[in-house]
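Asks: Please see the structure below; I have some questions.
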Amino acid sequence: MFKIKDNFFEIKHAYLDAFIKEQNNQLIFGLQIKAISTDDYENVDTSNSFYPEDELFFNAEIILKIKSGEIQNWTDISGKIVEWNDYPEDEEEPHALLYLHEHTQVYNSKIEFKNVNDKIVVIIDALCDLYLNEAFSNRLPLKIETEVDFFGILCGKNSEQNSIKSVQPFLDMRNLKWVQNKYGVSVIVPKDTNMESNLLVLGKY
């Protein structure tokens, strides 16, 4: 489900990515969700607010900060809740933007990760601004509930050895593997990663 006010959107993808912030000894998770406007939902009139196939992006470059030894597997984020009222002035803190024609801030946010049938689901309850018209302007309720994939930890152009060394303090490497795209970017990904889907992050090989 991806809903703004009374309008529903079709989710095209939802995934977590991550990077290591060595100076703070943290594993930083980001969350990316793409949705598209659709008129396939019965009894929902979107014609006055959204054009068919309008693309919306929920973009949180920082959503969770994990300390060394805090979790073993990425799925251990289940049960974690992130909240903020005003959009933080310090963008090193968890925050999110919504994009439809322009970026706007997401605020009054509660973001929860749950384990549902052995899948990680994110539940988002927040407010956003779109400024489309009088009916769709500011303080619009934003509600999202969807399963998320984990597309890996970006390790820059580090070698396999250095990539693994940087990730080991945060996650159990027995569930992960090292890959590298044709641009030389190293990524530590789950062993069961669907590499075709993972091209969203890795780029073409």
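The values are calculated or read from the model by the stated rules, or taken from the named source; none is laboratory data. Just so we're clear, the structure is a prediction, and the values are computed from it rather than from any experiment. As a convention, Cβ positions derive from the backbone with ideal geometry for all residues, glycine included, and neighbour counts pool all protein chains shown. For accessibility, only protein heavy atoms count, side chains too; no ligands or nucleic acids. Shrake-Rupley method; radii C 1.70, N 1.55, O 1.52, S 1.80 Å.
Asks: Testing GLN32 on (1) under 22 Å from MET1 (Cα atoms); (2) at pLDDT below 95; (3) among the polar types (S, T, N, Q), one condition comes back false. Which one is that?
Replies: Of everything listed in (1) under 22 Å from MET1 (Cα atoms); (2) at pLDDT below 95; (3) among the polar types (S, T, N, Q), GLN32 misses just condition (2).
Asks: Can you name the residue in segment 81-118 that is touching a helix residue (DSSP H, G or I) at 6+ places or on another chain (Cβ under 9 Å) and at pLDDT 95 or above and is also farthest from LYS65 (Cα to Cα) among such residues?
Replies: My answer is ASN115.
Asks: For segment 123-151, how many residues are touching a Phe, Trp or Tyr at 6+ places or on another chain (Cβ under 9 Å) and within 30 Å of TYR183 (Cβ to Cβ)?
Replies: 5
Asks: If you check ILE11 against the conditions, is it among the hydrophobic types (A, V, I, L, M, F, W, C) and either under 15 Å from the mean Cα position of the chain (by Cα) or at pLDDT 95 or above (or both)?
Replies: yes
Asks: Hey, another quick one. Go through segment 99-117 and give me each residue that's closer than 23 Å to THR193 by Cα, open to solvent by 70 Å² or more (accessible area, probe 1.4 Å) and free of Cβ contacts under 8 Å to residues at least 40 places away in the same chain.
Replies: If the condition is that a residue be closer than 23 Å to THR193 by Cα, open to solvent by 70 Å² or more (accessible area, probe 1.4 Å) and free of Cβ contacts under 8 Å to residues at least 40 places away in the same chain, then LYS114, ASN117 are the ones that fit.
Asks: All but one of (1) touching an Asp or Glu at 6+ places or on another chain (Cβ under 9 Å); (2) surrounded by 18 or more Cβ atoms within 10 Å (Cβ to Cβ); (3) closer than 13 Å to ILE77 by Cα hold for ILE124; state the number of the condition that does not hold.
Replies: The number of the failed condition is (3).
Asks: Another question about this same structure. Taking the condition of being open to solvent by less than 80 Å² (accessible area, probe 1.4 Å) and over 17 Å from the mean Cα position of the chain (by Cα), how many residues in segment 74-86 meet it?
Replies: 0
Asks: When only residues in segment 124-137 that are outside any strand (DSSP E or B) and under 21 Å from the mean Cα position of the chain (by Cα) count, which is nearest to PHE113 (Cα to Cα)?
Replies: ASP129
Asks: Within segment 45-60, track down each residue that is modelled with pLDDT of 95 or more and surrounded by 16 or more Cβ atoms within 10 Å (Cβ to Cβ).
Replies: Within segment 45-60, PHE58, ASN59, ALA60 meet the criteria.
Asks: Something else about it: Say whether the condition of being open to solvent by less than 60 Å² (accessible area, probe 1.4 Å), modelled with pLDDT of 95 or more and either hydrophobic (A, V, I, L, M, F, W, C) or over 15 Å from PHE9 (Cβ atoms) (or both) is met by at least one residue in segment 36-44.
Replies: No, the conditions are met nowhere in segment 36-44.
Asks: What about GLY69, is it outside any strand (DSSP E or B), open to solvent by 40 Å² or more (accessible area, probe 1.4 Å) and in contact (Cβ under 8 Å) with a residue 60 or more places away in the chain?
Replies: yes
Asks: I need every pair where a residue in segment 121-139 that is among the small types (Gly, Ala, Ser) has its Cβ under 6 Å from the Cβ of a residue that is open to solvent by less than 50 Å² (accessible area, probe 1.4 Å), sequence separation at least 6 or different chains.
Replies: Going by the 6 Å Cβ cut-off, the qualifying pairs are ALA126/VAL106; ALA126/SER109; ALA126/LEU142.
Asks: Let me ask something additional. Which residues, taken from segment 9-33, are more than 21 Å from TRP74 (Cα to Cα) and either buried (at least 19 other Cβ atoms within 10 Å of the Cβ) or among the hydroxyl-bearing types (Ser, Thr, Tyr) (or both)?
Replies: Within segment 9-33, PHE9 is the sole residue that qualifies.
Asks: I'd like the full set of residues that are assigned to a strand (DSSP E or B) and exposed (fewer than 13 other Cβ atoms within 10 Å of the Cβ), limited to segment 87-98.
Replies: none
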